[in-house]
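Peer 1: Dropping the structure in here first, questions after.
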Amino acid sequence: MQWTECIPAWEGKISIALILLCLAMICFPFSVAATNLFLGLLLALGILGGFWWQGVRKLWTNYRLLLIALITYLALVPIGLLWSLDPDWGGRILTRHWFWLLLPIVVMVLISERHRNTFLTVMSFALTANLVYCVLQAYGLIESPTVAGSTMDNATGHIGHTSFGFFYGVWAAWLIHLGLLFQNDKSWLLWGLASWALVMVFMAQGKSGYVVTLVAMLIVAAKWLKESRNRKIFASFAAVVLLLTLFLAFGPGKERLLATWDVLTGSVAQNELNSSQENAVSSVTARLEWWKMSYDIWLAQPVLGVGTGGFPQAAADWQAEQVDVQMFARSLAHPHNQYLLAMVRWGAVGLLLLMGLLYFWIRSGISVQWRDSVAMPLLALTGAALLIHGLSSASMEEHFSTIFAVLLAGTGLSESISEKS
């Protein structure tokens with residue numbers, strides 16, 4: 001059944017929505033404000049135009065467990081305000097979750113194969129343009145933006161190192177999948193773009209991005225080896241693994257990984273570390289302290305937690321009670337761990353609901369055949385990326401990771417739903 005036969009009355013609105021979605025994707029690597037503007041207009045058009053609700057119905061019919069898991073998890077955000085230690089901050093946390101409302105709209109806008117391919121092309125163009133920008137930044141040809149973790153030595157453009165590896169790792173893995181899917185002259189172009197993205201990820205400082213990238217690559221490799229058992233595919237992935245190994249062994253990421261290992265094992269004295277290693281040591285040490293503190297806070301409120309937005313106040317109260325702990329230099333908004341954050345906010349129930357959501361998310365993308373699918377692998381890759389990224393960040397409410405995950409997950413779901421129609 002053709003898309004225009006399903007919803008002919010909405011064709012004009014859907015076309016406008018596609019334009020807004022593509023404009024948001026073009027702005028995505030360069031401007032938070034412009035991205036939010038276009039996505040806000042998209043959300044308003046979807047709700048007022050009626051196809052937001054139709055997207056919900058499509059998801060309910062085809063991916064009911066995933067939708068229930070998402071709604072249940074997101075419901076904790078406003079409900080948790082009822083017992084929050086800081087309802088005002090909790091209200092700000094609530095506003096950070098509006099991106100999730102875009103999922104049904106993306107499904108409906110991209111349920112047409114032509115629209116879906118247009119969006120994926122625009123996405124790849126935007127990410128490629130940002131790689132060019134990062135190369136120019138690395139060579140000092142343009143001024144580094146005022147973004148934390150983005151310098152000449154750590155060229156990540158307007159994104160910063162925190163989320164850079166998140167979506168370039170996912171994008172690179174998807175490009176390799178496309179090259180294997182098409183197996184024509186374009187495959188080398190796709191694999192070339194993927195290799196470029198991988199090089200840039202391992203030149204950046206975000207060690208979480210290294211892990212996200214490796215996991216995404218392993219997922220694609222495992223799926224293709226399982227479904228095809230093709231020696232050429234095995235050789236292709238072996239070459240990619242060799243490339244990654246070389247960058248880990250000789251590239252800029254080597255010192256950062258070794259410094260992290262040194263601080264965990266205590267094998268290097270503090271006065272023997274260089275500046276790069278000192279930064280890695282400081283980052284790891286701080287996170288370990290925050291994670292221990294979060295666990296202690298959760299033990300005091302294991303059932304309901306401290307409520308949505310209660311973490312900063314709970315962290316401040318915990319520090320005030322300690323006599324042998326050095327005070328943090330600044331107020332801590334989150335513990336740089338999504339799972340501990342969910343536990344502190346909403347108790348053990350929050351952690352279980354978060355894990356349930358990620359489980360159904362990844363399972364929905366893994367359970368289908370990838371050899372006949374262009375976009376569906378994006379669902380599994382974004383779910384796995386959120387899972388890994390959440391070990392060192394608040395991945396479910398960050399600007400870059402959340403938007404990218406929602407848009408690409410909706411793209412994958414739209415392909416699956418259109419095939420079932």
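Peer 1: Look at residue 341 and say whether it is modelled with pLDDT of 95 or more, out of contact with any Phe, Trp or Tyr (no Cβ under 9 Å at 6 or more places or on another chain) and part of a helix (DSSP H, G or I).
Peer 2: no
Peer 1: Still on this structure, please answer the following. Out of (1) crowded, with 18+ Cβ neighbours inside 10 Å; (2) at pLDDT 95 or above; (3) hydrophobic (A, V, I, L, M, F, W, C); (4) within 23 Å of residue 123 (Cβ to Cβ), the odd one out for residue 3 is which?
Peer 2: Residue 3 satisfies every listed condition except (2).
Peer 1: Taking residue 381 as the residue in question, decide whether it is under 14 Å from residue 73 (Cβ atoms), modelled with pLDDT of 90 or more and crowded, with 21+ Cβ neighbours inside 10 Å.
Peer 2: no
Peer 1: Inspect all residues belonging to region 394-402 and state whether any of them is within 10 Å of the chain's Cα centre (by Cα), at pLDDT 95 or above and either of a type outside the set (Lys, Arg) or surrounded by fewer than 24 Cβ atoms within 10 Å (Cβ to Cβ) (or both).
Peer 2: No, there is no match, as no residue in region 394-402 is within 10 Å of the chain's Cα centre (by Cα), at pLDDT 95 or above and either of a type outside the set (Lys, Arg) or surrounded by fewer than 24 Cβ atoms within 10 Å (Cβ to Cβ) (or both).
Peer 1: Can we say residue 404 is out of contact with any Leu (no Cβ under 9 Å at 6 or more places or on another chain) and in contact (Cβ under 8 Å) with a residue 12 or more places away in the chain?
Peer 2: yes
Peer 1: I'd like to know if region 162-183 contains one or more residues that are out of contact with any Ser or Thr (no Cβ under 8 Å at 6 or more places or on another chain) and of a type in the set (S, T, N, Q).
Peer 2: Checked region 162-183: at least one residue is out of contact with any Ser or Thr (no Cβ under 8 Å at 6 or more places or on another chain) and of a type in the set (S, T, N, Q).
The values are calculated or read from the model by the stated rules, or taken from the named source; none is laboratory data. Everything numeric in this text was worked out from a predicted model, so none of it was measured. When we count neighbours, we look across all protein chains shown, and the Cβ atoms used for this are built from the backbone with ideal geometry, even at glycine.
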